[in-house]
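A.B. asks: Handing you this structure, nothing more for now.
The values are calculated or read from the model by the stated rules, or taken from the named source; none is laboratory data. These numbers come from a predicted model, not from an experiment. Methodologically, a virtual Cβ is constructed for each residue, glycine included, from the backbone with ideal geometry; neighbour enumeration extends over all protein chains shown. When the accessible area is computed, the model is the full protein with side chains, heavy atoms only, and any ligands, DNA or RNA have been set aside. Shrake-Rupley method; radii C 1.70, N 1.55, O 1.52, S 1.80 Å.
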Amino acid sequence: MTTETFHPSRRTILSGGACLAVAGGGILGALTGPAAAGTPTDSKDMTEGTKPMLQGSHVTTKDGVQIHVKQWGPQTGQPVVFSHGWPLTADAFEDQMMFLAQHGYRTIAHDRRGHGRSSQPGFGNDLDHYADDLAAVTEALDLRNAVHVGHSTGGGEVARYIGRHGVSRVAKAALIGAITPIMVKTAWNPDGVPMEVFDGIRAGVKADRSQFFKDLTIPFYGYNRPGAKVSQGVIDSFWMQGMMGSLLAEYECVKAFSETDQRDDLKKMIVPTLVLHGDDDQIVPLATTGKAAAAMLPKGTLKIVAGAPHGLCTTHKDVVNEELLAFIRS
């Protein structure tokens, strides 16, 4: 495992000043209201069915969920598949998709079940189903020698996909600000984020998710840092993507991204894997996720982006784009 730190120029940084206090452990304390742990709806088991098929812009999974998919770039190019973070959509990766498509790659991104333009079922809002949905997309599009890129929850999705489905279709993987190996504080992860923080996130989503998402953008993009320049457009885009999803799915996804143990998934990622993480990530703490994950990966390389927040795919898109391109070509 190797480690590098990048110091991007001011031109590559869209940051911004602002108004939200944050607590220790990398998660916003100002958004952690009273505990609101609830019992998720029962998950429906994956059922056997026909081979997943692409119909227009959707892939239908074996359990009948329609997953929205978009593709850019030449169909003959090497596939680069993106898995987005919570509570966003495939649109969160548009900067990376266009950049790589213009360099000859076939870029594919999907909206997670319950998010964006995909179906909003009342079941399956967990990493096993997310991984199986990703497998359905790769099968329907017959993607081979693919590079899988996941941000935040999407990084957990990529790891679980490889953990459940292997690497026969995978050439490389990239985990950006990813939730792996786990976020919550446990006996084996004593420095993790306390459960009370995630209970507070659930409380915020349940009480007024519209305002919660607007507030969340501040630490997400580092807009609470001195000298930061706030982009109202970025805030609006985050809010719009979040509000496209199902309240139920976004509520239940909190458990998926915080409590899933992915140590075994990381050990099964036997392909070259880039771990890209900002050292000012206030949402997914670098020490207990990025650094810990890189240490568990058989072929992991950790690269730390100096000054970058959790939303570095937007704020530091030029750095992320160049690092992905170099990693794919290497």
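A.B. asks: Select from segment 75-103 the residues that are open to solvent by 30 Å² or more (accessible area, probe 1.4 Å) and in contact (Cβ under 8 Å) with a residue 24 or more places away in the chain and list them in ascending order.
C.D. replies: The answer is Gln75, Thr76, Gln78, Asp91, Asp95, Met98, Phe99, Gln102, His103.
A.B. asks: Can you name the condition, by its number, that Val284 falls short on among (1) surrounded by 21 or more Cβ atoms within 10 Å (Cβ to Cβ); (2) farther than 16 Å from Val149 by Cβ?
C.D. replies: The failed condition is (2).
A.B. asks: Taking the criterion of being farther than 23 Å from Pro52 by Cβ, open to solvent by less than 20 Å² (accessible area, probe 1.4 Å) and within 18 Å of the chain's Cα centre (by Cα), would at least one residue in segment 112-132 satisfy it?
C.D. replies: no
A.B. asks: Give segment 169-200 a look and list any residue that's open to solvent by 10 Å² or more (accessible area, probe 1.4 Å) and assigned to a helix (DSSP H, G or I), or say none.
C.D. replies: Met195, Glu196, Val197, Asp199
A.B. asks: Return yes when Gly156 is touching a residue at least 60 places away in the same chain (Cβ under 8 Å) and touching a Cys at 6+ places or on another chain (Cβ under 9 Å) and no when it is not.
C.D. replies: No: the conditions fail for Gly156.
A.B. asks: For segment 200-236, how many residues are touching a helix residue (DSSP H, G or I) at 6+ places or on another chain (Cβ under 9 Å), farther than 17 Å from Gly311 by Cα and of a type in the set (D, E, K, R)?
C.D. replies: Number satisfying all stated conditions: 3.
A.B. asks: Residue by residue through segment 298-312, note down the ones that are open to solvent by 10 Å² or more (accessible area, probe 1.4 Å) and of a type in the set (A, V, I, L, M, F, W, C).
C.D. replies: Result: Ile304, Ala306.
A.B. asks: Before we move on, is Thr260 farther than 23 Å from Val184 by Cα and open to solvent by 20 Å² or more (accessible area, probe 1.4 Å)?
C.D. replies: no
A.B. asks: Now for a different question. Those residues that are part of a loop (DSSP other than H, G, I, E, B) and farther than 21 Å from Thr217 by Cα, I need them from segment 281-330; list them, please.
C.D. replies: Once the filter is applied, which keeps residues that are part of a loop (DSSP other than H, G, I, E, B) and farther than 21 Å from Thr217 by Cα, segment 281-330 yields Ala287, Thr288, Leu297, Pro298, Lys299, Ser330.
A.B. asks: A further question follows. Could you grab me the full set of residues in segment 61-74 that are crowded, with 24+ Cβ neighbours inside 10 Å and within 24 Å of Trp239 (Cβ to Cβ)?
C.D. replies: Correct list: Ile67 only.
A.B. asks: Going through Arg164, Arg106, Arg160, Arg144 one at a time, which residue ends up being modelled with pLDDT of 95 or more, of a type outside the set (Phe, Trp, Tyr), within 27 Å of Thr217 (Cα to Cα) and open to solvent by 10 Å² or more (accessible area, probe 1.4 Å)?
C.D. replies: Arg160
A.B. asks: Further, regarding this structure: Looking at (1) free of Cβ contacts under 8 Å to residues at least 12 places away in the same chain; (2) open to solvent by less than 20 Å² (accessible area, probe 1.4 Å), which is the one condition that is false for Leu216?
C.D. replies: That leaves (1) as the condition not met.
A.B. asks: While we're on this one: Would you check if Leu325 is among the aliphatic types (A, V, I, L, M), crowded, with 24+ Cβ neighbours inside 10 Å, closer than 28 Å to Asp132 by Cα and touching a residue at least 40 places away in the same chain (Cβ under 8 Å)?
C.D. replies: For Leu325, the condition - among the aliphatic types (A, V, I, L, M), crowded, with 24+ Cβ neighbours inside 10 Å, closer than 28 Å to Asp132 by Cα and touching a residue at least 40 places away in the same chain (Cβ under 8 Å) - is not met.
A.B. asks: Condition first: at positive phi and part of a strand (DSSP E or B). Now tell me which residues in segment 62-74 satisfy that.
C.D. replies: Hits for segment 62-74: nothing passes.
A.B. asks: Related question: Restricting the first residue to segment 247-259 and requiring it to be more than 13 Å from Tyr130 (Cβ to Cβ), which pairs with a second residue that is open to solvent by 60 Å² or more (accessible area, probe 1.4 Å) and assigned to a helix (DSSP H, G or I) meet a Cβ separation below 9 Å and a spacing of at least six or different chains?
C.D. replies: Leu247/Lys206; Tyr251/Lys206; Ser258/Met195; Glu259/Met195
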